[in-house]
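**Q** Okay, handing you the structure first.
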Amino acid sequence: MSIAVRADAGARHLLSGDEAIARAVWEAGTRVATGYPGTPATEILETLARYPDLHAQWSVNEKVALEVALGASMAGARAFCAMKHVGLNVAADPLMTLTLTGVLGGLVIAVADDVGMSSSQNEQDSRYWGRFAHLPVLEPADSAEAHAMTLRAFELSEQFETAVLLRLTTRVCHVKSLVALGNREERAVPGFSLDPARWVMVPANARRRLPLQLEREKRLAAFAETCDLTLEEPGSDRRVGFVVSGPATLHLREAFPEASLLKLGLSHPLPLARIRALAGRVDRLVVVEETEPLVENELRAAGLAVHGKDILPRIGELTADVLGPPVRRLIGVPEPGRAPARTPAVKDGLFPRPPTLCAACPHIGVFSTLFAMRRKVVIMGDIGCYTLGAGHPWHALDSCIAMGASMGMALGIDKAGGASDAGKAVLAVLGDSTFLHMGLQGLLNIVYNRGNVTALILDNRTTGMTGGQNHPGTGHDVHGDTAPRVDFARLVEALGVRPERIKVVDSYDLPLLFRTIRDEIRVPEPSVVITGRPCTLIPEFERRTPHQVLEDRCTGCGSCMDLGCPAISVRRRDRRTLNGEAFEVTFTTIDSRACTGCTMCVSVCSHSAIVPMATAAGTEAEAGARS
């Protein structure tokens with residue numbers, strides 16, 4: 001357990017936003033906490049799993065996670081659900097109906113937006129879901145506020161009988177600040193009571209709940225005008241005032257310490273009267289929000305003259321350096337002189353290192369194999385570590401859209417004839433966690449519609465990209481305890497794939513992997529290839545004796561470099577001439593500190609120049625004795 005888990009009330013600890021939220025969820029007396037891994041929200045549930053007196057679980061996807069949390073709330077327990085921004089899209093189906101049913105036990109949904117797209121496929125603004133689903137939205141600026149607002153979110157949820165969205169960003173989730181801790185509030189759970197008119201959302205019942213939703217929104221709007229979560233900070237500079245929310249508040253205060261601002265802790269519904277009052281005290285009013293002009297447009301619709309995205313960017317974080325110049329231009333303040341930016345020196349021969357897979361990653365064998373047959377296949381990719389297969393040196397993914405989307409897109413290309421017309425086969429590539437998250441339905445759809453698609457399920461026995469979390473295919477739960485483990489081959493067969501079209505192969509056995517994929521793409525029916533090797537970063541991975549390159553045997557063919565393993569690097573390059581044509585020869589070396597002895601490089605070396613280090617030492621000793 002971390003210090004924060006053991007700490008007594010009143011102690012102050014340096015916590016990230018994710019850790020602070022987890023602590024507040026526990027202090028609030030929450031009974032059930034759910035989620036699906038997704039940066040930057042992953043650590044919330046990981047931290048909660050270390051606390052006693054509550055049930056924490058990874059769910060197969062965000063939709064299921066929210067439904068579990070809703071069920072707990074229906075029984076009168078406080079419940080919590082965490083996900084990243086794109087995960088809320090997956091959970092939208094229950095979200096849009098629970099806004100009609102309301103909740104009993106407090107239900108808080110933490111959604112973490114990846115402003116700047118450091119690890120996401122889009123820069124979605126989850127505040128729209130508050131408007132769309134008629135839910136209150138709270139926006140903390142740092143860890144201390146994340147802790148305090150989480151506690152208040154449970155209170156508001158029960159006060160108004162509604163779920164509450166806690167909108168986070170990467171900067172709130174991962175930056176640390178001091179947080180004052182409290183004790184856990186033990187709360188009785190009354191249990192589920194029959195109330196079909198509320199919980200059975202057939203059209204007749206839903207229509208009767210709709211006026212209650214609208215009346216609740218009016219009460220929330222009145223509450224917003226006096227809510228202490230929204231703070232006004234008067235300033236001496238009347239030239240400009242700001243309406244701001246989230247971590248942009250801290251950047252804004254750094255850039256304009258003397259300006260007046262209204263900080264929206266509760267950013268939906270808007271406190272229009274308070275904003276009008278601020279507008280009357282300043283010459284110009286600027287809305288600072290990440291990322292969409294949501295509040296700005298609402299204020300313009302209310303008849304207020306405001307500036308926002310007409311001067312500020314809609315992309316990325318609004319830091320002090322980003323905010324300063326356009327606002328100063330707006331109020332006619334000269335821009336302070338700046339020292340010219342220094343360009344860091346770069347030595348000859350060095351180049352930026354792109355993101356890549358780990359040494360001995362089981363996905364390396366898959367993508368080097370796919371690269372070898374690149375001209376014969378169209379490859380639909382998915383979300384996970386293996387998305388890096390789109391990069392150098394493999395260039396072996398043609399798409400990456402959303403979790404599980406590889407299956408549906410592969411079938412679409414097949415049915416459109418977009419690959420067969422070019423004489424290519426269609427592949428869908430996705431990982432074990434992604435397959436369980438949203439790929440099952442896609443494969444079932446391929447089978448049902450008789451698609452000519454080969455699916456590659458890359459089972460590395462973890463949710464690798466978000467840090468190695470467990471899922472139903474790992475055999476362990478969020479606590480690391482033994483849990484039932486999905487048999488992927490039997491599951492795929494149950495979905496309708498014929499047993500003879502299901503192949504389980506070792507991704508380190510490159511010749512077998514190549515033959516298996518080659519044979520399966522030739523069969524005009526659904527087929528599945530399951531690769532089974534653990535991620536190199538989890539305890540199940542077994543490190544072997546590192547390898548090295550024997551210089552006297554290396555011919556410089558460069559085949560091992562084409563594999564893409566980061567443990568293999570160029571030792572030197574020579575220019576040669578054959579029959580009047582110049583070509584380059586690449587001699588390689590292996591970093592023994594990074595090498596795990598996986599043997600993939602051995603299988604691509606046709607000159608037996610790569611051997612285990614102990615064997616290499618013996619070979620060199622024999623050569624010395626002979627000489």
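**Q** Within segment 222-261, can you find the residues that are surrounded by fewer than 16 Cβ atoms within 10 Å (Cβ to Cβ) and assigned to a helix (DSSP H, G or I)?
**A** A222, E254, listed by residue number.
**Q** Surrounded by 14 or more Cβ atoms within 10 Å (Cβ to Cβ) and touching a Cys at 6+ places or on another chain (Cβ under 6 Å): is that true of P546 in this structure?
**A** Values: surrounded by 14 or more Cβ atoms within 10 Å (Cβ to Cβ): yes; touching a Cys at 6+ places or on another chain (Cβ under 6 Å): yes.
Yes; evaluated as a whole, the condition is true for this residue.
**Q** Kindly indicate the residue of segment 308-351 that is basic (K, R), at pLDDT below 95 and within 25 Å of R284 (Cβ to Cβ) and also surrounded by the most Cβ atoms within 10 Å (Cβ to Cβ) among those meeting that condition.
**A** Filtering segment 308-351 for residues that are basic (K, R), at pLDDT below 95 and within 25 Å of R284 (Cβ to Cβ), the one surrounded by the most Cβ atoms within 10 Å (Cβ to Cβ) comes out as R328.
Conditions (1) under 30 Å from G597 (Cα atoms); (2) hydroxyl-bearing (S, T, Y); (3) surrounded by 15 or more Cβ atoms within 10 Å (Cβ to Cβ), marked per residue:
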{"site": "S406", "(1), (2), (3)": "no, yes, yes"}
{"site": "P472", "(1), (2), (3)": "yes, no, yes"}
{"site": "D481", "(1), (2), (3)": "yes, no, no"}
{"site": "K503", "(1), (2), (3)": "yes, no, yes"}
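**Q** G38 is checked against (1) buried (at least 24 other Cβ atoms within 10 Å of the Cβ); (2) under 22 Å from the mean Cα position of the chain (by Cα); (3) of a type outside the set (S, T, N, Q); (4) modelled with pLDDT of 95 or more and fails just one. What number does that condition carry?
**A** (4)
**Q** Tell me, please, whether a residue that is at pLDDT below 90 and surrounded by 13 or more Cβ atoms within 10 Å (Cβ to Cβ) can be found in segment 576-590. Even if it seems obvious, please write down each step before you answer.
**A** Of all residues in segment 576-590, those at pLDDT below 90 come to 576-586.
Subset that is surrounded by 13 or more Cβ atoms within 10 Å (Cβ to Cβ): 585-586.
Scanning segment 576-590, I find at least one residue that is at pLDDT below 90 and surrounded by 13 or more Cβ atoms within 10 Å (Cβ to Cβ), so the answer is yes.
**Q** Look at S433 and say whether it is within 25 Å of R522 (Cβ to Cβ) and under 18 Å from the mean Cα position of the chain (by Cα). Quick ask: steps written out before the conclusion?
**A** Numbers: within 25 Å of R522 (Cβ to Cβ): no; under 18 Å from the mean Cα position of the chain (by Cα): yes.
The answer is no for S433.
**Q** What number of residues within segment 229-254 satisfy the criterion of being among the acidic types (D, E) and closer than 12 Å to S267 by Cα?
**A** Of segment 229-254, the ones among the acidic types (D, E) are 232-233, 237, 254.
Restricting the remaining residues to those that are closer than 12 Å to S267 by Cα gives none.
Number satisfying all stated conditions: 0.
**Q** Test R450 against the stated conditions and say whether it is surrounded by fewer than 24 Cβ atoms within 10 Å (Cβ to Cβ), closer than 13 Å to I530 by Cα, among the basic types (K, R) and not assigned by TED's automatic domain parsing to the domain that holds I44. So that I can check it myself, show each step before the final result.
**A** Working: surrounded by fewer than 24 Cβ atoms within 10 Å (Cβ to Cβ): yes; closer than 13 Å to I530 by Cα: no; among the basic types (K, R): yes; not assigned by TED's automatic domain parsing to the domain that holds I44: yes.
So R450 does not fit the description; no.
**Q** Could I ask something else about it? Please verify whether segment 200-217 includes one or more residues that are surrounded by 12 or more Cβ atoms within 10 Å (Cβ to Cβ), in contact with a Gly (Cβ under 7 Å, 6 or more places away or on another chain) and in contact (Cβ under 8 Å) with a residue 60 or more places away in the chain.
**A** no
**Q** For segment 142-164, check the following and say yes or no: at least one residue is part of a strand (DSSP E or B), under 24 Å from the mean Cα position of the chain (by Cα) and over 17 Å from V103 (Cα atoms).
**A** Narrowing segment 142-164 to residues part of a strand (DSSP E or B): 164.
Narrowing the set further to residues that are under 24 Å from the mean Cα position of the chain (by Cα) leaves 164.
The next check asks that each one be over 17 Å from V103 (Cα atoms); those that pass are none.
Scanning segment 142-164 turns up no residue that is part of a strand (DSSP E or B), under 24 Å from the mean Cα position of the chain (by Cα) and over 17 Å from V103 (Cα atoms).
**Q** While we're on this one: So, of the residues in segment 89-121 that are small (G, A, S) and buried (at least 21 other Cβ atoms within 10 Å of the Cβ), which turns out to be farthest from I383 (Cα to Cα)?
**A** Taking segment 89-121 as the starting set, the residues that turn out to be small (G, A, S) are 91-92, 102, 105-106, 110, 112, 116, 118-120.
From the residues that got through so far, the ones that are buried (at least 21 other Cβ atoms within 10 Å of the Cβ) too are 91, 105-106, 110, 112.
Numbers: A91: 17, G105: 34, G106: 32, A110: 21, A112: 17 Å.
Across segment 89-121, the extreme among qualifying residues is G105.
**Q** Can you name the condition, by its number, that S368 falls short on among (1) surrounded by fewer than 22 Cβ atoms within 10 Å (Cβ to Cβ); (2) among the polar types (S, T, N, Q); (3) under 30 Å from I568 (Cα atoms); (4) in contact (Cβ under 8 Å) with a residue 60 or more places away in the chain?
**A** (1)
**Q** Okay, moving on. Residues in segment 64-88 that are in a helix (DSSP H, G or I), surrounded by fewer than 22 Cβ atoms within 10 Å (Cβ to Cβ) and of a type outside the set (A, V, I, L, M): how many?
**A** The total comes to 2.
The values are calculated or read from the model by the stated rules, or taken from the named source; none is laboratory data. Remember, it's a predicted structure, so these values are computed and weren't measured experimentally. Don't worry about glycine lacking a Cβ; one is built from the backbone with ideal geometry, like all the others, and counts go over all protein chains shown.
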